[in-house]
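The values are calculated or read from the model by the stated rules, or taken from the named source; none is laboratory data. Computed from a prediction, not measured in an experiment: that's the story for all the values here. Cβ placement follows ideal geometry from the backbone for every residue including glycine, while neighbour counts extend to all protein chains displayed.
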Amino acid sequence: QKEVEQDPGPLSVPEGAIVSLNCTYSNSAFQYFMWYRQYSRKGPELLMYTYSSGNKEDGRFTAQVDKSSKYISLFIRDSQPSDSATYLCAMNTGNQFYFGTGTSLTVIP
Amino acid sequence: EADIYQTPRYLVIGTGKKITLECSQTMGHDKMYWYQQDPGMELHLIHYSYGVNSTEKGDLSSESTVSRIRTEHFPLTLESARPSHTSQYLCASMPSGTHNEQFFGPGTRLTVL
């Protein structure tokens, strides 16, 4: 069983839509939960991170963690064509990172 | 924008060649990582380092080596390239005292013929 499961998509939405991206995990020792955005032919860039269960908001992005269900989400409000990218979830135990396979998102103008 | 650099960005090479992928960062980060990324797959950790003269193996380390002689430099060497090494290689760094702020380089796309 993989440590982290992520639906690969692809996901295609119209501009302005609310996007929901999700990951599940199996290791209850994970402490930090991250979301990365990766544009084509680029390295991943850190979007947001959370440490505990609950919500964290940054502009149009909201990260949500539910440790009891081992489930994390990233919500994108008012999606823009510039949000078109692959989104990777990641989590760690402090030293080693575990990544999801990424969800490919296309926002259509 | 993170100051972490990888060269070359693209490399096409024949089987059996020795290659070194370069990674440098100017942020003074102690922790550095090498990952392999294939389409539709999660990032796999190849090697990591927590500081000068410190290197550790990840899941996919058996066919490559790394060195960390200087804080800013973390090269990855494949002694004998094979077609199975064809992949995207990502270097990352992270400052000590944090557990989540990994900064990635742009990657090296390697093709072994």
Of the criteria (1) more than 28 Å from B:GLN88 (Cβ to Cβ); (2) at pLDDT below 95; (3) surrounded by fewer than 14 Cβ atoms within 10 Å (Cβ to Cβ); (4) not hydroxyl-bearing (Ser, Thr, Tyr), which one A:ASP78 fails: (2)
Given (1) under 21 Å from A:GLN96 (Cα atoms); (2) in contact with a Lys or Arg (Cβ under 8 Å, 6 or more places away or on another chain); (3) facing another protein chain (nearest Cβ under 9 Å); (4) modelled with pLDDT of 95 or more, number of the condition B:MET32 does not satisfy: (3)
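Can you work out which of the residues in the stretch B:12-32 that are assigned to a loop (DSSP other than H, G, I, E, B) and among the charged types (D, E, K, R) is farthest from B:LEU76 (Cα to Cα)? Even if it seems obvious, please write down each step before you answer.
In the first step, residues of the stretch B:12-32 are kept if they are assigned to a loop (DSSP other than H, G, I, E, B); the result is B:14-18, B:26-30.
From the residues that got through so far, the ones that are among the charged types (D, E, K, R) too are B:17-18, B:30.
On the way: B:LYS17: 14, B:LYS18: 11, B:ASP30: 17 Å.
Among residues in the stretch B:12-32 that are assigned to a loop (DSSP other than H, G, I, E, B) and among the charged types (D, E, K, R), the one farthest from B:LEU76 (Cα to Cα) is B:ASP30.
Given the residues A:ARG37, A:ARG41, which is the only one that is part of a strand (DSSP E or B) and basic (Lys, Arg)?
Working: A:ARG41 fails: part of a strand (DSSP E or B).
Just a single option satisfies the conditions, and that option is A:ARG37.
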Top-ranked residue in the stretch B:96-112 [being more than 10 Å from every other protein chain (Cβ to nearest Cβ) and out of contact with any Lys or Arg (no Cβ under 8 Å at 6 or more places or on another chain); ranked as farthest from A:GLN96 (Cα to Cα)]: B:THR111
Residues (under 16 Å from A:GLU45 (Cα atoms) and free of Cβ contacts under 8 Å to residues at least 12 places away in the same chain) located in the stretch B:1-51: B:GLU1, B:GLU42
Just give me the residues in the stretch A:1-36 being of a type outside the set (Asp, Glu), within 13 Å of chain B (Cβ to nearest Cβ) and within 18 Å of A:VAL65 (Cβ to Cβ), in sequence order. A:VAL4, A:GLN6, A:CYS23, A:TYR25, A:ALA29, A:PHE30, A:GLN31, A:TYR32, A:PHE33, A:MET34, A:TRP35, A:TYR36
Tell me, yes or no, whether the stretch A:59-75 has at least one residue that is in a strand (DSSP E or B) and within 12 Å of chain B (Cβ to nearest Cβ). yes
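Out of the residues in the stretch A:88-109 that are part of a strand (DSSP E or B) and more than 13 Å from chain B (Cβ to nearest Cβ), which is nearest to B:GLN36 (Cα to Cα)?
Let us first name the residues in the stretch A:88-109 that are part of a strand (DSSP E or B), namely A:88-92, A:97-99, A:103-108.
Cutting the leftovers down to more than 13 Å from chain B (Cβ to nearest Cβ) gives us A:105-108.
Working: A:LEU105: 22, A:THR106: 24, A:VAL107: 27, A:ILE108: 30 Å.
Step by step, filter the stretch A:88-109, then rank; the result is A:LEU105.
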Breaking point among (1) loosely packed, with under 13 Cβ neighbours inside 10 Å; (2) in contact (Cβ under 8 Å) with a residue 24 or more places away in the chain, for B:SER87: (1)
